[in-house]
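The values are calculated or read from the model by the stated rules, or taken from the named source; none is laboratory data. Keep in mind the model is a prediction, meaning the values are calculated, not measured. Cβ sites come from the backbone with ideal geometry, for glycine too, and all protein chains shown count toward neighbours. When the accessible area is computed, the model is the full protein with side chains, heavy atoms only, and any ligands, DNA or RNA have been set aside. Shrake-Rupley method; radii C 1.70, N 1.55, O 1.52, S 1.80 Å.
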Amino acid sequence: MENILIKKTDNKLIGLMAVAFGLAGMWIYLRSRKQKAAQQAFDFAPFSKERYVFNWHKGRRPYQAVVKHEGDCYAVQMNGAYAGVMWRGEGNNNWYTRDKALKPHINEISEQLATVFSLQGFPAILQGNYPEIIAVNWKTSETLELILQAATDLEVFAAFLEDEVPNLVSFPEYLDLIVKKENESYFKIISVNVRRG
């Protein structure tokens, strides 16, 4: 009788250990799948506020980060190469990454993410949504110049942007967008947040 109880206890213990190992394996699998999904995020360019292009200089060296929101983390491409993922800590505003290529830039990117829905952050949203835009330049505090790829049809792009830009704007200030192709002087003007009435 005692032998049967020991066997049943051993079988239960083995069963519990199998379940624990199975859960741990599933957690590892899901974690790696999540990171792969973030890496694959750069295969897609959805039209939303969830993809941004940030540009800055450190000394004389220019940097560009393409940041895509993917689930509860952000996938980041630095100067054309995949750099890794970053996420915000639960219950605090600190940003984290495990990726070496991303660590030196996490502060700059997080600062720009914090202001992305302001007037000053609007160029990041435009460049993030429209790969036709190769450069943005502030001409005045109320005028932003958008430079398009030479192969882009200016008339079609400007008409499309004029229809879509209200869906991208998250700030109340007035802004004129000067849209032109690289190496050309002809341009179109799109007014943002025009007060009617």
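Give me the percent relative contact order of segment 66-112, please, defined on Cα pairs under 8 angstrom at least 6 residues apart.
24 percent.
With a Förster radius of 30 Å, plug the Cβ-Cβ distance of residue 194 and residue 56 into 1/(1 + (r/R0)^6) and report the FRET value to the nearest 0.05.
0.50
Using Cα pairs under 8 angstrom and six or more residues apart, how large is the relative contact order of segment 49-197, in percent?
15 percent
Measuring with a 1.4 Å probe in the full set of protein chains, what accessible area per residue, in whole Å², belongs to segment 80-120?
With all protein chains present, segment 80-120 gives 62 Å² per residue.
Given 0.36 nm per residue, what is the gain on full extension from residue 28 to residue 118 after removing their alpha carbon distance, in nm?
Between residue 28 and residue 118, full extension yields 28.6 nm more.
Give the peptides 150-158, 109-117 in descending order of average Cβ contacts within 10 Å, highest first.
109-117, 150-158
What residues qualify as long-range amide H neighbours of residue 83, i.e. H under 5 Å apart, gap of 5 or more or another chain, H built at 1.01 Å from N?
76, 77, 78
Tell me, what are the semi-axes, in whole angstrom and largest first, of the equivalent ellipsoid of segment 103-144 as set by the roots of 5 times the Cα gyration tensor eigenvalues?
Each semi-axis is √(5λ); the values are 20, 14, 9 Å.
Based on alpha-carbon positions alone, could you give the equivalent ellipsoid semi-axes of segment 103-191 from the gyration tensor, as √(5λ), descending, whole Å?
23, 15, 12
Using only the Cα atoms of segment 48-197, what do you get for the radius of gyration and for Dmax, in Å?
That works out to 16.3, 53 Å for Rg and Dmax.
So if R0 is 45 Å, what FRET efficiency would residue 111 and residue 14 give, r being the distance between their Cβ atoms, rounded to the nearest 0.05?
0.30
If you stretched the chain out fully between residue 101 and residue 156, how much longer would it get, using 0.36 nm times the residue separation minus the C-alpha to C-alpha distance?
Separation in residues times 0.36 nm, less the Cα-Cα distance, equals 16.0 nm.
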